[in-house]
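Have a look at the structure below, then the notes.
The values are calculated or read from the model by the stated rules, or taken from the named source; none is laboratory data. Here the structure is a predicted model, which means the values were calculated and not measured. Note that we place each Cβ from the backbone using ideal geometry, even for glycine, and neighbour counts take in every protein chain shown. Note: accessible area is taken over every heavy atom of the protein model, side chains too, but ligands, DNA and RNA are not part of it. Shrake-Rupley method; radii C 1.70, N 1.55, O 1.52, S 1.80 Å.
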Amino acid sequence: MAWSVFTLRKENRSFGSLSLFLSKFYFILSRNFVYLSLHTSNPKTVTKNMEEFSTGTDPRVPAVKPDSKPSSLEEVPLEAASAAVSEDAEVDKDLLCPICMQIIKDAFLTSCGHSFCYMCIITHLRNKSDCPWCSQFLTNNQLFPNILLDKLLKKTSARQISKTASPVEQFRQALQQGYEVTIKELDNLLSLLAEKKRKMEQEEAERNMQILLDFLQCLRKQKVDELNEIQTDLQFIKEDINSVERHRVDLYRARDRYSVKLRMLGDDSSTRKPWSSSMDKNNSGIVSSSLNIRGGMPAGNLQNKKIDGKTQLSGHVSQRKDALSGADSQGFNQSGLSVARKKRIHAQFNDLQECYLQKRRQLANQLHIKQESDKNVIHREGYNAGLADFQSVLSTFTQYSRLRVIAEVRLGDLFHSANIVSSIEFDRDDEFFATAGVSRRIKVFDLSMVLNEPADVHCPVVEMSTRSKLSCLSWNKHWKNHIASSDYEGIVTVWDVTTRQSLMEYEEHEKRAWSVDFSRTDPSMLVSGSDDCKVKVWCTKQEASVINIDMKANICCVKYNPGSSNFIAVGSADHHIHYYDLRNISSPLHVFSGHKKAVSYVKFLSENELASASTDSTLRLWDVKENLPLRTFKGHTNEKNFVGLTVNSEYIACGSETNEVYVYHKEISKPVTWHRFGSQEMEDADEDGGGSHFISAVCWKSDSPTMLTANSQGTIKVLVLAA
């Protein structure tokens, strides 16, 4: 502390009397007061005090020269007062407690002349018995309250607070301290404050009105935009209703024309029948007379023939009635199907509405271009291309409502308790399908035999053993007898199904390989992905990989673009899909983000449409040409297992951890239908503690409604979409 320079030298002897002690203590306080007055009182007083003490014996006493500053604080101008603030900042350093380095609180003075916070010095003396400043011996009995310093510190603090306080706070403090104000001055202040209040309220009201106006204008703009959009949509709907009504009239007229032609044909046949019957009667009479002459058939048989003719006529009548009743029943069935399809539409009305508006808006201005360029579009007079596209979606979506089992295969193995089917794939011509899984076997089945033979006698036509559990299969779409597999040891193998021998084995992966896929455009190329965070491209003509892509996370799935061998999609444990051009692997063309967990499968519906599955219980559809997310599908459950994914041009199917198969239309986010696996054996397994089962693999048969499905029990079902 700055004032510690005025110290009381410790004497070896104790104080002789209380008067001697008080006189010395008064002397110390006086010296501290003089030091503090250097910073608080006017300079002339400071000079006088310093002259009185400049003849003292203490060599540390500074000699202060007088200066020509104003005689009192009242005479200090505003500029000088502002300059004094910086001086006070330096003074504040001298008012700090040497222990806590904060402004002294409850100042206490030691016998050696130093001041500290009371709690600071008491805490210090509990551990040591010396002064923190000069290290002289010190006890609690040698501490004394520094009342004068406390008062000065309080004044200094109040002055600093007043400097930083707002004018209102300063005025309030002045009033509290007894500052005298006349009634007139108060009236002036009150009128000024009232005017200020009215002005602030006016400004606040104007701000609030402006905010409200901005909100209403924004809302109006939004609603006008929505209204314009709705009006445009209504115009589309009106045009489409007129187009559909015209087409319906054309269909009704065509049906009436066909009905008239059928009636005319029926009338012609009915007019010919009496003539032919009369001719038959005449001929029969001639024949009978000739037979009678020759001694042939007796005349009595003629009556029998007449009776038979009547019987045949009644039979024809009954057949016609049956045909009419059959037509009625067929009409009833058709009406029942119409009702069922309408129910499906109402159940998914919101999704269908979104699909219709999206297609109608996108293709409203491209009618002529679309009709001329795309020959597959049904050209109808007055039909918009968007309406035709939506009609195709609506027809395919409402065409099916359930999955029907048409065959079942059980892969129960006496030597392997684990029967999970990890992969199931059709060959090039959809005549055979292969299965692989944890049983370390690739089994090839003939689909026609599976469909035509009883369920208990299905045997594979080819069976190949492997060293490790299998994770994935991929048929070569050019060489029918070639199939590739990936296993848990990271080995990628190319097999010849005819000879049941391996053609190539690639062992560069360091960990489990999850996926393998043959290129559709280049049959010699295949790609694989592994837990070693590497994607490798192989050529069946070479023994080593031709391309190696290092990634930062485990690879769960890989897939070639069906239109080119230069592009691949990679699903990763980092929740993303990386789309690569193999001609430049330094960075992906695009990274598709949206899944919240690992991407377990990727499949191409077309060259531009990519479907993905994840353990976040969602499927997603992406546009790899425009790099856009198209749709998210929800309904199944998938949180930890590989449950399979398969696609065709219109439908996406996947498994579920609830032992169900789900089918989605690519334009609708909710499932079209689903089918639950269930059998007495599985129920028994559940009772025995076998745990829950899940679908482990699925595969469409090209663009047909037939699908292969397998579950964790080794049960394979052939399902078909049905109305």
For Glu650, indicate whether it is in contact with a helix residue (DSSP H, G or I) (Cβ under 8 Å, 6 or more places away or on another chain) and either open to solvent by 10 Å² or more (accessible area, probe 1.4 Å) or within 23 Å of Ala347 (Cβ to Cβ) (or both).
yes
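Here's the yes/no breakdown for (1) in contact with a Pro (Cβ under 6 Å, 6 or more places away or on another chain); (2) closer than 30 Å to Leu357 by Cα; (3) part of a helix (DSSP H, G or I); (4) of a type in the set (Phe, Trp, Tyr):
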| position | (1), (2), (3), (4) |
| --- | --- |
| Glu180 | no, no, no, no |
| Glu185 | no, no, yes, no |
| Arg198 | no, no, yes, no |
| Ala205 | no, no, yes, no |
| Asn208 | no, no, yes, no |
| Leu219 | no, yes, yes, no |
| Asp225 | no, yes, yes, no |
Search result, residues across segment 574-625 that are in a strand (DSSP E or B), open to solvent by 30 Å² or more (accessible area, probe 1.4 Å) and either among the small types (Gly, Ala, Ser) or closer than 25 Å to Ser423 by Cα (or both)
His576, Ser593, Tyr601, Lys603, Glu609, Arg620
For segment 564-573, give me each residue that is touching a Ser or Thr at 6+ places or on another chain (Cβ under 7 Å) and assigned to a loop (DSSP other than H, G, I, E, B).
Ser564, Ser565
If the Cβ limit is 8 Å and pairs must be 6+ apart or interchain, which residue in segment 178-205 that is open to solvent by less than 100 Å² (accessible area, probe 1.4 Å) pairs with which residue that is not in a helix (DSSP H, G or I)?
Leu189/Val181
Report, by residue number, each residue of segment 705-720 that is open to solvent by less than 10 Å² (accessible area, probe 1.4 Å) and in a strand (DSSP E or B).
Met707, Leu708, Thr709, Ala710, Asn711, Ile716, Val718, Leu719
Would you point out the residue of segment 130-155, among those that are without any contact (Cβ under 8 Å) to a residue 60 or more places away in the chain and assigned to a helix (DSSP H, G or I), that is surrounded by the most Cβ atoms within 10 Å (Cβ to Cβ)?
Leu153
Output for segment 515-526, where each listed residue is farther than 12 Å from Val494 by Cα and in a strand (DSSP E or B)
Ser515
It is to be established whether one or more residues within segment 385-397 are modelled with pLDDT of 60 or more and either in contact with a strand residue (DSSP E or B) (Cβ under 6 Å, 6 or more places away or on another chain) or in a strand (DSSP E or B) (or both).
yes
Is it fair to say Ser519 is touching a strand residue (DSSP E or B) at 6+ places or on another chain (Cβ under 6 Å), open to solvent by 10 Å² or more (accessible area, probe 1.4 Å) and touching a residue at least 12 places away in the same chain (Cβ under 8 Å)?
no
Going through segment 522-546 in order, the residues found to be open to solvent by 40 Å² or more (accessible area, probe 1.4 Å) and among the hydrophobic types (A, V, I, L, M, F, W, C) are Ala544, Val546
Please identify the pairs in which a residue from segment 428-440 that is free of Cβ contacts under 8 Å to residues at least 60 places away in the same chain and charged (D, E, K, R) has its Cβ atom under 7 Å from the Cβ atom of a residue that is outside any strand (DSSP E or B) and open to solvent by 20 Å² or more (accessible area, probe 1.4 Å), counting only partners at least 6 apart or on another chain.
Arg428/Lys477; Arg428/Lys480; Asp429/Lys480; Arg440/Thr466; Arg440/Lys469
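Okay, residues lined up against (1) in contact with a Pro (Cβ under 7 Å, 6 or more places away or on another chain); (2) assigned to a strand (DSSP E or B); (3) β-branched (Val, Ile, Thr); (4) open to solvent by 10 Å² or more (accessible area, probe 1.4 Å):
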residue: Phe433; (1), (2), (3), (4): no, yes, no, no
residue: Lys443; (1), (2), (3), (4): yes, yes, no, yes
residue: Val450; (1), (2), (3), (4): no, no, yes, no
residue: Trp479; (1), (2), (3), (4): yes, no, no, yes
residue: Ser486; (1), (2), (3), (4): no, yes, no, no
When the residues of segment 125-168 are filtered to those that are over 30 Å from Leu189 (Cβ atoms) and among the basic types (Lys, Arg), which remaining residue is nearest to the chain's Cα centre (by Cα)?
Arg126
Answer with yes or no whether Asp446 is in contact with a helix residue (DSSP H, G or I) (Cβ under 9 Å, 6 or more places away or on another chain), charged (D, E, K, R) and either modelled with pLDDT under 95 or at negative phi (or both).
no
